[in-house]
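Let me begin by presenting the structure, written as structure tokens, before commenting on it.
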Amino acid sequence: MSRVTDSAARRAERAWLEATFDRLWPLPRSLTGDGVRRTHDILAETMPLARLEVASGTRAFDWTVPDEWRVRAAYVVGPDGTRVVDHADSNLHLLGYSTAFRGRLTRAELDRHLYSLPDRPDAVPYATSYYSPRWGFCLTQRRRDALPEGEYEVVVDTETFRGSMTLSDCLLPGASGREVLLSTYTCHPSLANNELSGPLVAAALYARLAAWPTRRLGYRFVLGPETIGALAYLSLHGEHLVAHVDAGLVLTCLGDRAPLTYKRSRQGDALGDRAARVALPAFGGTRWRDFSPLGSDERQYSSPGFALPVGSLMRSAYGTYPEYHTSDDDKAFISFERLQESVDACEAWCRAVDIGGASYRSLAPYGEPQLGRRGLYPDLTVGASNVGAQEAIFWVLNFADGEHDLLAVHERSGIALGELHAAAARCVGAGLIEAA
Amino acid sequence: MSRVTDSAARRAERAWLEATFDRLWPLPRSLTGDGVRRTHDILAETMPLARLEVASGTRAFDWTVPDEWRVRAAYVVGPDGTRVVDHADSNLHLLGYSTAFRGRLTRAELDRHLYSLPDRPDAVPYATSYYSPRWGFCLTQRRRDALPEGEYEVVVDTETFRGSMTLSDCLLPGASGREVLLSTYTCHPSLANNELSGPLVAAALYARLAAWPTRRLGYRFVLGPETIGALAYLSLHGEHLVAHVDAGLVLTCLGDRAPLTYKRSRQGDALGDRAARVALPAFGGTRWRDFSPLGSDERQYSSPGFALPVGSLMRSAYGTYPEYHTSDDDKAFISFERLQESVDACEAWCRAVDIGGASYRSLAPYGEPQLGRRGLYPDLTVGASNVGAQEAIFWVLNFADGEHDLLAVHERSGIALGELHAAAARCVGAGLIEAA
Amino acid sequence: MSRVTDSAARRAERAWLEATFDRLWPLPRSLTGDGVRRTHDILAETMPLARLEVASGTRAFDWTVPDEWRVRAAYVVGPDGTRVVDHADSNLHLLGYSTAFRGRLTRAELDRHLYSLPDRPDAVPYATSYYSPRWGFCLTQRRRDALPEGEYEVVVDTETFRGSMTLSDCLLPGASGREVLLSTYTCHPSLANNELSGPLVAAALYARLAAWPTRRLGYRFVLGPETIGALAYLSLHGEHLVAHVDAGLVLTCLGDRAPLTYKRSRQGDALGDRAARVALPAFGGTRWRDFSPLGSDERQYSSPGFALPVGSLMRSAYGTYPEYHTSDDDKAFISFERLQESVDACEAWCRAVDIGGASYRSLAPYGEPQLGRRGLYPDLTVGASNVGAQEAIFWVLNFADGEHDLLAVHERSGIALGELHAAAARCVGAGLIEAA
């Protein structure tokens, strides 16, 4: 299977990541709306996303898909007639899902609608109020503190209406009919690590996996808003996922400069967790987290009714770095070299899942097959010349019992997964084993 | 659930423990007899014990309930006419279940009926011969060595007759119909740690548990003679116990000054063992013992035909301290402060079993329920403000799968059991989960 | 059960080992032939081997039993008329299964048929070409390097013909009908550690086990050529072995001076593996290897279609010592003291399997049986006199649940296996338990 090791191809991929980042950055993303749609359009240039528009008011288990939200303009004019804060400058300035408002307020009245971070006085916080009607503006603490007394003009020219919420998916098919779930989210406006990194890695990963000559597993990519998007997707396709998914990852926070963090699935030792142990240490300093039901959409996939074996791959986990959910999570905060390394890590994990999760059944299970006459073993032995010969083949044959996958054989033998995979291919070719 | 933390209540409980100790101390307890009955009468003032009188000759599996034994008087008069040893001075002076005898013996003839401890020359041993007819007297080695030659008059005015053996039980009911077995024994005469401590702790514990506002589990207290009492109880109620008991403790040796000792059940990792790991370390220096089929009545409850998950709580285990089964195991040897701390430890263990053994089933298992509209989650998020919010609720909801009890959730999450219990109560109140 | 501890008996056994070694050493063993038959004849003087002659051409799963091979003479005459190398000097000089050849060759032509070891220039390698027709001679590198130019006369007077391959087995019966498989091989010519040690240990072990007063298990000894012999035996008796074998060992490389090596079964924690943990440490410095599907005939017994729980006992494992498969693996390389200690280790392992694998079922499982009236427990207790009494009996009774074998009881209690066995015998005698 291919790896992007050719440096021209790597450079092209890296350039694509940065150019696409720049196109996606300014779009006004939220749970719903045209900013999300344009985001999916751009990603669909790289991966054949199928669009799912889920109507406002649709039930998704305990939840209801919200109305669509549209922002025409949103700003505050100060006593001196200049604009104090303006959504046109940054999506972050407007509280997500702000209700419409127009009026003149005193400094004190306005202040009840302002959000800032006392501990990080130069950053604009990212704030939302999806399910309780409010309006508000986000700004730096320094700017807020400097606002003079006087009358302020507030314009929040937004509307919510019966529209739809945008999800997309695509499936890169595999030979076995079993699937890997790769999920990320597209609801964060103008934030780099959390979250443009996830969709960018997903799209680049798609291109890599599409180039593999064979795939045992299918790879299902799901993009939508966090929480309600995953819930809506589960309400549409949850039964299919439960029946088909062998492993999964939520992709998030993959662009910062820290080493990787792998968060285990609820099962803790599922295929994806075992694959991570094999695939990720090569990237250096990988950190391991046990599952917890707090976090991103693994919460939904791992809810007790589904209990899908879904982990999460990150660099710095959400909430653990000070730039999280502020205007400081910007292009300068992330590294495109690290972002590309995250694609490498995802591909390595997919490869470990794809070849490592394969089990075989021997077609000659009684004793060893005679390898010599098949050209798989020396036909002459002199002294210790045959000691250890064809070690990988013997391991694959002995554990071709339908119960041990190649990861299990790797765990017992210490032989590299790729070597076991090559040995299995030779044994399949010789008619000695078949996929279980 | 209540804890006796109020110092007036604690003082009252401690005073009760000491006063009841003083009343129970002189009663002539043995496998059977009026001393046992009066002991149960006194304990029944505190706990509503139901009396079970099992007739002599009743079969209990491989055993037979012995005849009742009564002591009218028992003493030895020396050559100088003074009483050398007298049951009236201490129950310990007479070998338990001594047969009747009257006669005049030489010093040498008498000596074959005397028991003392060469290694502990100032202590009177506790000795019994329940199932082989003998008579004998126990005295200090020093007194024995000083007995002059001459003729001794021996009076053992005892009788055995077809009577009955006294057991008692009571059940403090719980909501689930499942039970906890708490067993202790009432056959030891005039010994403090082993064994007035067990019945005293059991009675005080009963009063504490009765004051709990709710109980998931029922608490079954069983009091009777060691071994034959447990066997008789099992022969009457063994099937019920096998069908209903989730955890159990044998209470013994709970008054000395050493730290607690928890002896694990035969299963080793049953509910009670897991609860002990959570509840007991707070008491400082707790020692842990694996199950062994030697010891007290856990031997009977854990016999292969029943295999009940019964552990044992002690301070210094029987046989490990030099005062064991001698007249030195007296009121001075024990501490009523420690005895009361043993009640605390038992209550803490019961609480960990009661709330920690509860499993829940989600009524909204597909994805997360929407906590925000139920007031269980912030409806506004600013920056990292919601990171980690309502952690206990998310853990409880995710593991409300009917398979994980709260102890398991505690083990995975590290969240205190009480906090998980409170979160579960809120989720039950919100109609999100139900008891599994 | 007996141990050869009597020094006269030990001396006799050691003398037998050495005398038999000397008789077996010169025989021309290979996969087939009269050298093998004479080897089995000699071993049959000690153990009642049943001969199995498997006809050439017989299928054994993926393999076919080869033609029989006979060597009449094989030598090379040099330019000066002296014999450069002669099978009459050592079986090792002729490549195993060499095809017939007669001719005159140049030095260079001859060299393509010579085998030697550049890294071990004074040793003759052991070489075979069982399944590809070739002829060749083995000699020291030093001799080969000194061969002058000139014409060489080569005589390989061998034949292959439709004959048979020789296997033998015998079963020392046991009370339960369950079996232990003890397998070794007889195809190596004039090599001491690998492999005359295995057959010699097997025969001496047979004599020891035959002298045991009772055996719970039957002991099945299998001797034949490596690989094809085990395969042929499995094709004849594999179903029986799967149905009856509880534990097994391949015996090989048991004569050198290194400490023991135990290679675990494919299961890793089967009866034989657990018995090894108890039996082998006493021999000092025992080394432990996990199963791998490379090695000796455990590869066949542990193939996925059979998956028999067969480990291997060795001193220095094949391939790990420089003398392996060379003329340096000779009588001087091995120690008869060590060889006899290997017999001791095998017997200790068999004993641990035999008594440790026994499970019992209580005939009085409800509560404890009353040991006192059976004379198994003190009927009088004074102070702590009964603490710890009859510990082994209590452990055996409590775990007589049909699920715990005595090894499991040993693992939990720490009580020596022999002591538990004696306690079990007393309990069986008292009618309290029976074999499960």
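Only the coordinates and a few stated rules stand behind these numbers; no lab work does. Everything numeric in this text was worked out from a predicted model, so none of it was measured. Backbone-built Cβ (ideal geometry, glycine too); neighbour counts: all protein chains shown.
For segment B:144-191, the list of trypsin sites (Lys or Arg not before Pro) that fall in a loop by DSSP and count at most 14 other C-beta atoms within 10 angstrom reads B:ARG162. Here the chain B residue lying nearest the rotation axis onto C, judged by its C-beta and given with the distance in whole angstrom, is B:ASP269, 11.
Using C-alpha pairs below 8 Å separated by at least 6 residues, the relative contact order for segment C:335-436 is 40 percent. Once both axes come from the Cα atoms, what is the angle between helix B:228-244 and the longest principal axis of chain B, in degrees from 0 to 90, rounded to 10? Tilt relative to chain B: about 10 degrees. Let me make sure I get this right: for the protein assembly as shown, a, b and c are the square roots of the gyration tensor eigenvalues over alpha carbons, sorted descending. Under 1.5 in a/c it's rounded, otherwise prolate if a/b > b/c, else oblate. Which is it? In terms of gyration-tensor shape, oblate.
For segment A:298-343, trypsin sites (Lys or Arg not before Pro) are listed when DSSP marks them as loop and at most 16 other Cβ atoms sit within 10 Å of their Cβ; the list is A:LYS331. Once the Cβ-Cβ distance between C:ASP80 and C:ALA258 is put in as r, and R0 is 45 Å, what FRET efficiency do you end up with, to the nearest 0.05? E(calc), rounded to 0.05, equals 0.55. In straight-distance terms, cross-link reach from B:LYS331 covers every one of the aspartates and glutamates whose alpha-carbon lies under 19 Å from its own, apart from those fewer than eight places away in the same chain; here that gives B:GLU13, B:GLU18, B:ASP22, B:ASP89, B:ASP122, B:GLU195, B:ASP256, B:GLU323, B:GLU341.
Under the simplified labelling scheme, the B:GLU159-C:VAL242 pair shows an inter-label distance of 7.4 nm, with each label point 7 Å from Cα along Cα→Cβ. Length available on full extension from A:THR320 to A:LEU363: 0.36 nm per residue minus the Cα-Cα distance, which gives 10.3 nm.
For the protein assembly as shown, adding -39500 (n - 2.57) for each run of n ≥ 4 DSSP H residues and dividing by the number of residues yields -9000 deg cm²/dmol at 222 nm. Contact order, relative form, for segment A:263-396: 27 percent (alpha carbon pairs under 8 Å, 6 or more residues apart, mean separation divided by residue count). Relative to the dominant Cα principal axis of chain B, helix B:336-356 is inclined by about 40°. A:PRO148 sits among other residues whose Cβ lies under 13 Å from its own Cβ, and their net charge, with Lys and Arg +1 and Asp and Glu -1, is -2.
For segment A:105-204, GluC sites (Glu not before Pro) meeting the loop criterion (DSSP other than H, G, I, E, B) and having at most 12 other Cβ atoms within 10 Å: A:GLU149.
Highest mean first, the peptides C:356-366, C:372-382 sorted by other C-beta atoms within 10 Å per residue fall in the order C:356-366, C:372-382. May I ask for the angle, rounded to the nearest 10°, between helix B:34-43 and the longest principal axis of chain B, with both axes built from Cα atoms and the value confined to 0 to 90°? On a 0 to 90 degree scale, this one is about 30.
Note on segment B:184-312: Cα-Cα pairs beyond 19 Å make up 51% of the total pair count.
Subtracting the Cα-Cα distance of C:ALA408 and C:SER335 from 0.36 nm times their residue separation leaves 22.7 nm of extension gain. For the pair segment A:239-284 / segment A:367-436, the C-alpha centres are spaced 28 Å from each other. Sorted from shortest to longest, the distances between the C:GLY418 label points of this copy and the other copies are 5.6, 5.6 nm, with each point 7 Å from Cα along the line through the beta carbon. Rounded to the nearest 0.05, the FRET efficiency derived from the C-beta distance between C:ALA88 and C:ALA50 at R0 = 45 Å is 0.85.
Taking K and R as +1 and D and E as -1, what net charge do the other residues with C-beta under 10 Å from the C-beta of A:GLU298 add up to? Spelling it out: positives minus negatives among the neighbours equals +3. A simple spin-label model places the labels of C:LEU171 and C:ILE415 3.4 nm from each other, with each point 7 Å out along Cα-to-Cβ. Shown is the FRET efficiency for A:ALA210 and A:ALA430, computed with R0 = 30 Å from the Cβ-Cβ distance and rounded to the nearest 0.05: 0.50.
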